[in-house]
Amino acid sequence: MGSYILRRLLGMFPVLFIIATIVFFLVRLAPGGPFDAERRVSTEVLQHLEAHYNLDAPLHVQYVNYMANLLRGDLGPSLRQPARSVAGWIALRFPVSLELGLYALIIALAVGLAAGVVASLRPNSWGDHAPMALAMAGICIPNFMLGPLLVLVFALWLGWLPVAGWDGAASKILPSITLGAAYAAYVARLSRGGMLEVLGQDFIRTARAKGLRESRVVLRHALRGGIQPVVSFLGPAAAGLLTGSFVVEMIFQ
C-alpha cells in the first residue's frame, strides 16, 4: 500500500506540469487580454502594465518565468487587485470552499447511502422506484438551477433560512444541499447496485438462515461489501465538490 501511494504521489507531478503548461498556452492563445475589460487607457499606460506583469516578454520567457514561480509557490499578483497576490486570495477563500465541500460530502453520503440501502431492500417496488427517481432528478438538475429554487422556496416563500451569506449554521444549509444533491444521487445509485449484488450472495443467505435480525444482516454484513463502489467514487467526488463549489458560492454570495 505504501509503494502504491508513493507511485500515485510521484505520478501527480508530471500531471500537474502538463496541466500547467496547457493552461498557460491556452490563456495566451485566447483572443483579448487581461486588461480589455477595464476602462480604455493610453498606449503608454498599457505598455507599463504589460511590463509590470511580464506580459511584454517573449512567450517562451514568460513560460519559463511562470514555471519557475510555480515551483516557488508564487502565483503572481492579482490582475484585479495588485496589492494582493493570487496565493493570498486562495488562502483567504479556500477555507470556505473546503468547509462547503465537507458539508456537501457529508450530506451526499448520509442521504445517498440511506436511499440506496432502502432501494436495494425493496427492488422493483415503490420503495425502489421513488428514491431512484429522485436520484435521477438530482443528477439531471444542475446546481445553478437547484440553488435558486431552494432559495425561492425555503428563503423567500417560507422564510426559514437566509438567502445568502456564510455567517451562521443556518446560512450554510442551502449551499451545502445545493452542492451535495447531485453527488447524493450518484451515491444512491452506486450503493443500490452494490447492495443488490451483495444481498444475493451465499453468505447473506447463510446469515439470514442463522436467524440474525435483518438490520444486523444489512448493516453488519451486506453494507460492508455494498459500499465498495461508493468508496471508489469518493476520490473523484471530493475533487468535484471542491472544484464545483465556485458556482454555488457565486449563487449564495
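The values are calculated or read from the model by the stated rules, or taken from the named source; none is laboratory data. Nothing here was measured: the structure is a model prediction, and the numbers come from that model. Cβ atoms come from the backbone with ideal geometry, glycine included; neighbour counts cover every protein chain shown. When the accessible area is computed, the model is the full protein with side chains, heavy atoms only, and any ligands, DNA or RNA have been set aside. Shrake-Rupley method; radii C 1.70, N 1.55, O 1.52, S 1.80 Å.
Would you check which residues across the range 126-169 are within 19 Å of Gly194 (Cβ to Cβ) and either of a type in the set (A, V, I, L, M) or open to solvent by less than 60 Å² (accessible area, probe 1.4 Å) (or both) and list them?
Listed by number, the residues that qualify are Gly127, Asp128, Pro131, Met132, Leu134, Ala135, Met136, Gly138, Ile139.
Output the number of the condition that Gly200 fails; it satisfies all remaining conditions of (1) free of Cβ contacts under 8 Å to residues at least 40 places away in the same chain; (2) open to solvent by 50 Å² or more (accessible area, probe 1.4 Å); (3) farther than 22 Å from Leu134 by Cα.
Tallying (1) free of Cβ contacts under 8 Å to residues at least 40 places away in the same chain; (2) open to solvent by 50 Å² or more (accessible area, probe 1.4 Å); (3) farther than 22 Å from Leu134 by Cα, Gly200 fails exactly one: (2).
Would you point out which residue out of Ser191, Ser215 is of a type in the set (Ser, Thr, Tyr) and closer than 29 Å to Thr178 by Cβ?
Ser191
Collect the residues in the range 116-125 that are open to solvent by less than 60 Å² (accessible area, probe 1.4 Å) and either touching a Pro at 6+ places or on another chain (Cβ under 6 Å) or not in a helix (DSSP H, G or I) (or both), keeping them in residue-number order.
Within the range 116-125, Ala119, Ser125 qualify.
Open to solvent by less than 20 Å² (accessible area, probe 1.4 Å), more than 15 Å from Gly112 (Cβ to Cβ) and touching a residue at least 40 places away in the same chain (Cβ under 8 Å) - does that describe any residue in the range 227-250?
Scanning the range 227-250 turns up at least one residue that is open to solvent by less than 20 Å² (accessible area, probe 1.4 Å), more than 15 Å from Gly112 (Cβ to Cβ) and touching a residue at least 40 places away in the same chain (Cβ under 8 Å).
Among the residues in the range 124-139, are any over 30 Å from Arg8 (Cα atoms), hydroxyl-bearing (Ser, Thr, Tyr) and under 23 Å from the mean Cα position of the chain (by Cα)?
Looking through the range 124-139, none of the residues is over 30 Å from Arg8 (Cα atoms), hydroxyl-bearing (Ser, Thr, Tyr) and under 23 Å from the mean Cα position of the chain (by Cα).
Considering only the range 56-77, I want to know if a residue exists there that is of a type in the set (Asp, Glu) and within 30 Å of Gly138 (Cα to Cα).
Among the residues of the range 56-77, not one is of a type in the set (Asp, Glu) and within 30 Å of Gly138 (Cα to Cα), which makes the answer no.
Report yes if Glu214 is more than 9 Å from the chain's Cα centre (by Cα) and either of a type in the set (S, T, N, Q) or farther than 18 Å from Ile107 by Cα (or both), otherwise no.
yes
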